[in-house]
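In what follows, a structure is listed as structure tokens, so that the remarks can point back to it.
The values are calculated or read from the model by the stated rules, or taken from the named source; none is laboratory data. This one's a predicted model, so the numbers in the text were calculated from it and none came from an experiment. Don't worry about glycine lacking a Cβ; one is built from the backbone with ideal geometry, like all the others, and counts go over all protein chains shown. Heads up: the accessible areas ignore ligands, DNA and RNA and are worked out on the full protein's heavy atoms, side chains in. Shrake-Rupley method; radii C 1.70, N 1.55, O 1.52, S 1.80 Å.
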Amino acid sequence: MRAALSGLTTRGRCLLAAGVAAAFCAAVLGERDLLRVACFLLALPLVAAGVVARTRFRLSCARSLAPARVPVGQPTEVVLRLENVSLLPTGLLLLEDEVPYTLGGRPRFTIDRIGPTQHRTVRYPVRSDSRGRYQIGPLRLRLADPFGLVELTRSFSAVDHLTVVPAVYPLSSVRLSGAWDSGGESVSRSVAIRGDDDAATREYRNGDDLRKVHWRSTARAGKLMVRREERPWQSRLTLLLDTRARAHRGDGPGSSFEWSVSAIASAGVHAARIGYAVHLVSDAGRAAEGANLADEGALLDHLAEVATSRSAGLDAAVAALRRAEDAGTLVAVLGLLDAEQAAALAATRAPTDTSIALLVDATTWVGLAPRARAEAEAAYDASAETLTRASWRVVRVRHGDSLPQVWPRANERSAAGPVLTVDGAGRPEPVVGSGR
């Protein structure tokens, strides 16, 4: 009853105040008729509160999203199914579903009487121009008496999540120099076939299993050596995303960072669909550890929540690339680089490796004075030249460029080599001249 009294509306509180005033006037003036009116004014909101408080019907709510994962800018439909699972009919119901402001205003619905075992279904669309994982719900239900004197709010506990992923664009095939399996496994496998004496080894690292120590190689090298793990024959792709806030310009969905995230998502989905094992590295080091990024859903879910970082440089990314034994082909989407960062990044890859850099000139996302523009262009050209001299394929990206428009430029510096293509069943076709 106390909760019902706390749910008195402005109308109900005014009636109570009017009843108290009328009772006081009746006592002062000795008017019995006025006292009857006071009793009526006091009793009406109290009776309404009691009726609402004693409402005992039960409702169940089910919510579904179609679909639950959408690209930015695309709508999804939320379907609410409200069922009366009690033996009593409901009265007038006011529904409000809690939705983040980025998805629009909170939807409100009015539902009339729902009989026993009956249900009602309501639908509403939501749309977001920003990536992220958004909680939808819980559903709030407001119960009201017919006179509008009391309103009580009840909430369901169930919530759902909408994942807004970056836009993915279809990409054309890219020529790769060298072996199709460019992750270094071919060397490991061919050596391992020769016998235990010639097993592929590497220097011991902290945390390696001591059972993998190769004692003959240790004696020959004079330092502790361990066997390399033999991996299956599979092409590998490493994605490098520069998330440094200082490397990007612009705000919101139109920023250079959002362009970069969309580019990484498109390259990763393209590679996953043709059978590549996908790894992700950022300026913070190896990202999404333990996730199977060859599943495009897992990759997009991770990229839906990626945000800019406060990192000053790419030291962690450079270290991760140097440690990686299975980097394979590298596709890097980079923001603004200085000469030192470009040189360090270029040194992580051998000239025979396939390394593609989408170098985003983030300064074109903002207006600069002529002198500042000339300095920014000079720094940008120097970074591109450093990577190009290290045999990287550099794709220059400026504001207004679309990914499908600039992606074919990744073939411009390639030697004659195989092309990544897919057959009708979605499997990589045989590669001619790949060395396999």
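Count Lys and Arg as plus one, Asp and Glu as minus one, and take only other residues whose Cβ is under 9 Å from that of Gln135; the net charge is then -1. Where the alpha-carbon atoms of segment 301-378 are placed on the principal axes, they occupy 45, 33, 20 Å, in descending order.
Gain on full extension, evaluated as 0.36 nm per residue between Arg123 and Leu29 minus their Cα-Cα distance, stands at 28.1 nm.
Calculated from the alpha-carbon coordinates, segment 95-174 shows an Rg and a Dmax of 18.1, 70 Å respectively.
Can you bin every Cα-Cα distance in segment 62-106 into 10 Å intervals starting at zero and give me the percent of pairs per bin, rounded to whole numbers? Distribution as computed: 19, 45, 23, 12, 1 percent.
Be a star and scan segment 259-296 for residues whose amide nitrogen sits under 20 Å from the point 7 Å along the Cα-to-Cβ vector of Ala68. Only 291-296 fall inside the zone, counting backbone N under 20 Å. What the pair-distance distribution of segment 1-134 shows, using all Cα-Cα distances binned every 10 Å from zero, is 11, 25, 23, 19, 13, 7, 3, 0 percent.
The peptide list 387-398, 66-77, put in order of mean Cβ contacts within 10 Å with the highest first, becomes 387-398, 66-77. Between Ser130 and Ser6, the FRET efficiency estimated from the beta carbon spacing at R0 = 41 angstrom works out to 0.65.
In order along segment 376-384, phi translates into HN-Hα couplings of 5, 5, 5, 5, 5, 5, 5, 5, 4 Hz, rounded to whole numbers, per the Karplus curve 6.51 cos²θ - 1.76 cosθ + 1.60 with θ = phi - 60° and x for Gly and Pro. Where the accessible area of segment 62-121 is counted over protein heavy atoms with a 1.4 Å probe, how much of it, in %, is carbon and sulfur? Answer for segment 62-121 is 54 percent, counting heavy atoms of protein chains only.
For segment 233-274, the calculated P(r), taken from all Cα-Cα distances in 10 Å bins from zero up to the bin holding the longest distance, is 26, 44, 23, 7, 0 percent. Using C-alpha pairs under 8 Å with a sequence gap of at least 6, the mean separation divided by the residue count of segment 88-174 gives a relative contact order of 29 percent.
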